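Below: one structure, written as structure tokens.
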Amino acid sequence: MERLRALRGLFACVGCMPRCTRRRERSRVSSPVPTCAVTLLLQCLQDREGDRAQAYCELESALWEDDSRPPCGVVNRLLAEVSQDLTAAQGVTSNVKTAASNVLVALARTHFTLVMAELQSHLKATGEMSKEFVLITLSKLFSTYAPQCIPFVWLTLAGLRSVVGQVRSGQILRIACAVVKQWLDGVKINLSSGTQCPWPAMEKEQIYENLHELLFCVVWNWQDCQEEEDKQAVLGAVATMLDVLLQEELHQEHVWEQLLWLVHPCQEIQDTCRVAKSLILFLEALEGIESVIPKDRFLDITSAVFYQLYDDTKQHSEADRVQLTHCIMLQARICPEEMILFLQSQLEDDWEAGCVAALGLLGALARSDEPMMTEKLPQVVKAVQRLCSDPRIRVRTAVLHFIKDLLNANAWSCSAWDVVGHIFSEFSRTMGRRAAGHLSAEEAQEEGALQALCMDILGSLDVSVRGMSKLLWPRLLLFVVPAQYTGMLIPVSRCIQALSEREDLTGRQIEDLDPHFVSSMFQGPRLTPQTLLVRLLVVAGSPVAGSKLQAAALLLMQNLHSRFHRALGAMWAAEIPLLLQCLEGKEESFLDSAEFERRLLKFLRASLETIEDEAWMEALSCELSRWLSSSASSSGEKSFLYKALGTVLGACKGVLHIQEKLLQHLEEANAEEPCEAQGIISLLSHAAESNFQTVLATLTMFASRLCKGHNARISRRKKMELDSTRAHATRSALMLAHGSLALHASKEQLLAHLEGDIVGNILMLYSCSCRDLQNNLALVQSITDFSAAFQGVGDCVCFNPSLKGKLLEILMDLLKKYYSGIPVSPVPLKVVLALEQLSKLKPSFESKDMDEMLVLCCKNIVTHPSAEMMLKIRKSQQASQYLQLQQTSLKALGRLMAVLLETEPTGGFFQNIVHVLRRSMISENVWERKRALQTCSQLLSVCEELQRGDACEHFGSLVGLLAPLTCDPMPASRQLAVTCLSSLLRIQDKAANRVIETRDLGSLCEGLHACSTVSQLQTTSKMARIVCRNFPVERTIDFMMAIKETIQKAKGVRVRAAGKWMTTFLQMYRKDICWNVPPILYILRSCTSSPQQSTFMPFLCQVVAILSRCQTEAVINNFSQLLEPTDSETWRRIREFCLQRWSQ
């Protein structure tokens, strides 16, 4: 009866009371087979037989048959049976409930009103029952029979209120929210479809009333949901209800109130993205209607959403930020003026996070290209401009991101604020802070990120954007010259290249820009072609800048060629790509930065030759001179500036202008700093390539000024200036400059000016100097340079002998001064190099000069330093520096000896060399012996190369000196001794025209490297047999005399090695040396007085025995002579023993 009453009420509500005729007609409809099946299945369910879920499935299939229409009695029984399972609180599985729900959906095909009445009664029921599957069935009904459900909307909304009051959380709540959203979506479609409304006016108002009541009920009962899923479901349902209510203007005020509830809980929900999506749905609906949000409501909504963006306590994902930003964008489209005012107010707030978020949103609005934003953009730009001086790193970053958005969208609207200037200013600001060195590691990283952002903004500009060309050109040129913007040249180059491809470089001139802007952004002289070219040349010539910056500078030159000079276009188009290939490493012959600098200067020289405009070149030299004067000595660009200025002055023709610039920088340069001194030399050398006479005259004038009054009466102040450290350093630089000038002079210029002007000026400057280390090195280097230059003239011209002798005297005095002096000094090396070049000049030195030269050089390089000094040097920090200097000096000494041997054709000089080296080769200083062996090795290599027979005449002496050194304590000395012996054998081979196997010596070297003394002595004995096989017997006494010196002064293994070689030689040639027995015995007699006689005694006895067996008569005759007072006791015993043995 309750179901019938509900049905009658439902009929009355929807206005569809059935007529009796229709009822009678329906009652007379026959029920075919499916009705019987439905009845049978219902009976099974009522009898609780079989599987209920399976029975429901079969029943569902029967009801879906086309001719199935069960009678009302069966329907009522079926509804009662299904409802029990559908609403059972427990005891029924979800499978059975799902199957029961599906049966109701199938039954609604023919009895929709009865099924709906059954479900409505369950929604309003207050007893203990489950409404989950009731709600699920309602959802299925709407999905299947949406048009038929529309008339029951207001009744369903009323029934849902009871569900809201009974449920607080969980699955049922979420299903109820889904039903609300699903049914109201249908309502919205019907209200906006334009067709005839399915409800009468009163019923429509009742729907809105029930919807408001349901909305209030949901808000009241479900606003405190704790579970995230429950919150999301509630918010989705509320958003849908609000969306429907907005269809009527009368209900909009209530919507604003409920909207604030929708926004504020999102501050506590973790999944901001889903909250934002619900809000987006509402805002999109709001955008499509003609209604205005009250300002107070708008600010409340905007503040709530904006809070999400700048709240530092929330870690939003990128998706969350996108959705929240989209909400702001939707609000901006609805109320553009209010939104922009709101964001501008946030810029003025002290809260950093809010300011950063507002900048991000304003950038997004600028990027959106909305019509309303175009009108408001100048106002926004002006507001952002006030933040340019803000020191906070996040605000500075946000301003740059805003500029990036602005430039990519509306470049033409940047007239209110020079955004390009701010990018460069910010870059310079970060450079200054990082260079100051007062930042923490984190701050330095942040500043570095800002720099990278500045470069990225400029590098990513699209010049095709409206107004971009007008904004950039020629404004970009103003940022090329200042040094603080060097790092930005790469993106600047890219922009200018893009502009040049669009042929926009001739549109505006710098004069067209705002004068105030030019004066504020470019402090200094007017931006001339020369200024711009100097800046780009400096960057291109600086290896410190890096290849990318260098390439950017070259590309700027290529793209701006028309702004420099009209004659450069074709030449630069061909040459600059070649320079770029060098930087990219595509050219195999390109070696290093020095080579690239040389090519760049050559390119500059060729450019000047192409221009042929004297006034333009003088202006360029003046600009280079200005840059040079203002550059710090420590800057890496100053070296290149000196060379570039010299190159330009070399191309100029005006003598007075060249002299003026040269004298200016000669006076300004502080030669105490090595880079400045080298810069002066480079300046003069490059200028002299085409203006030798002018440069030499200027140099002579300045040198005379430095030496003027050196011996005359001058004021005390002037004397202090001339005697200052700076003046002496300048004299050193000028001496070096004269040598460099000689190297760059032509043959005619050198012959005309070398002896009188160049050498004369050098000697004058040296005579006025303090002759410290710097002055001495400068003098020696200048002698080396002009001597090398004079060799290029040819052998047909002779150097002034008296002048050559004077130079030799100066160099010899320096060698004497530094002998056994400072342990680490480059002077001896430099002197040897100078002597090498000076010795090549005609006429040759006299023999006595060569001998003196040889002795002094060997003393400084071979003999010095002592063993004690070497130990100190090896422990010092400069050990590697000195050892390298020492090796270089030894190689230079070898080359000097080669030169002297070539210029001295007699054999006397070679003998002197051997005599000088003899003392060092038997020295107790292991280092000295090693140096002597290195020198000897180079000497023998030269003799072998020149095919001189000098070594053959001293074969015995050299072998006697080298043989003991094959067992020297130093492995390197042992190796060198073997190398010298091999060279001797090869020389002997060539002299005697026979083949000697020197490879055997090399194969025995490994035995010398053994740690065992026995192994070393065995190896040296094998070597002795190889050498002695090729020994000229006539050199026996020389060999024995040299061996004697080792025995007398050496000790240890070297003495034993000497004995091995002596016995080996005498055994091999004992029958061929009868006429040498007396001198050999005399040498042996002198050896017995050696401190090392105990070590040598076994070998001495062996030698006497060898001689006694082979040359008995000669030995007896020698021993029969009376003893001398100087004979040692050892020799007396040997003599007596031999005489007694022979008398028996």
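A few comments on the model shown:
- Peptides 437-447, 1013-1023, 103-113, 345-355 ordered by average Cβ neighbours within 10 Å, highest first: 103-113, 1013-1023, 345-355, 437-447
- Spacing of the two label points (7 Å from each Cα toward its C-beta) at residue 178 and residue 751, in nm: 10.9
- Translational diffusion of the range 545-604, µm² s⁻¹ [Kirkwood Rh, Cα pairs; Stokes-Einstein; 37 °C; 0.692 mPa s]: 276
- Residues listed by number, the range 134-163, amide nitrogen under 19 Å from residue 125 label point at 7 Å toward C-beta: 134-141, 156-163
- When each of the peptides 639-648, 455-464 is scored by how many other beta carbons lie within 10 Å of its residues on average, the order from highest to lowest is 639-648, 455-464.
- Rounded to whole numbers, the Karplus 3J(HN,Hα) couplings from phi for the range 690-695 are 10, 9, 4, 4, 5, 5 Hz, using 6.51 cos²θ - 1.76 cosθ + 1.60 with θ = phi - 60°, and x at Gly and Pro.
- Between residue 944 and residue 816, the C-beta separation translates, for a Förster distance of 22 Å, into a calculated FRET efficiency of about 0.10.
- Extension gain, residue 1014 to residue 1101, is 29.3 nm, computed as 0.36 nm per intervening residue step minus the present C-alpha separation.
- Counting every alpha-carbon pair across the range 831-947, the share separated by more than 21 Å comes to 37%.
- A straight Cα-to-Cα reach below 24 Å connects residue 848 with the lysines 804, 806, 816, 817, 830, 840, 859, 891, residues fewer than 8 places away in its own chain not being considered.
- Cα pair count fraction exceeding 25 Å, expressed as % - the range 916-1056: 18
- Förster radius 35 Å - calculated FRET efficiency between residue 54 and residue 189 (Cβ-Cβ, nearest 0.05): 0.40
- 11 Å reach of a label modelled at residue 544, 7 Å along Cα-to-Cβ, counting backbone N of the range 611-648: 632-640
- Hypothetical label at residue 991: residues of the range 945-970 whose amide nitrogen lies under 20 Å (7 Å Cα-Cβ projection): 945-964
- Each residue, residue 110 and residue 868, gets one label point 7 Å from its Cα in the Cβ direction; the gap between the two is 13.0 nm.
Any read-out appearing in this document is the output of simple, stated calculations on the displayed coordinates, not a laboratory observation. All of these numbers come straight from a predicted model, not from anything done at the bench. We place every Cβ from the backbone using ideal geometry, glycine too, and count neighbours over all the protein chains shown.
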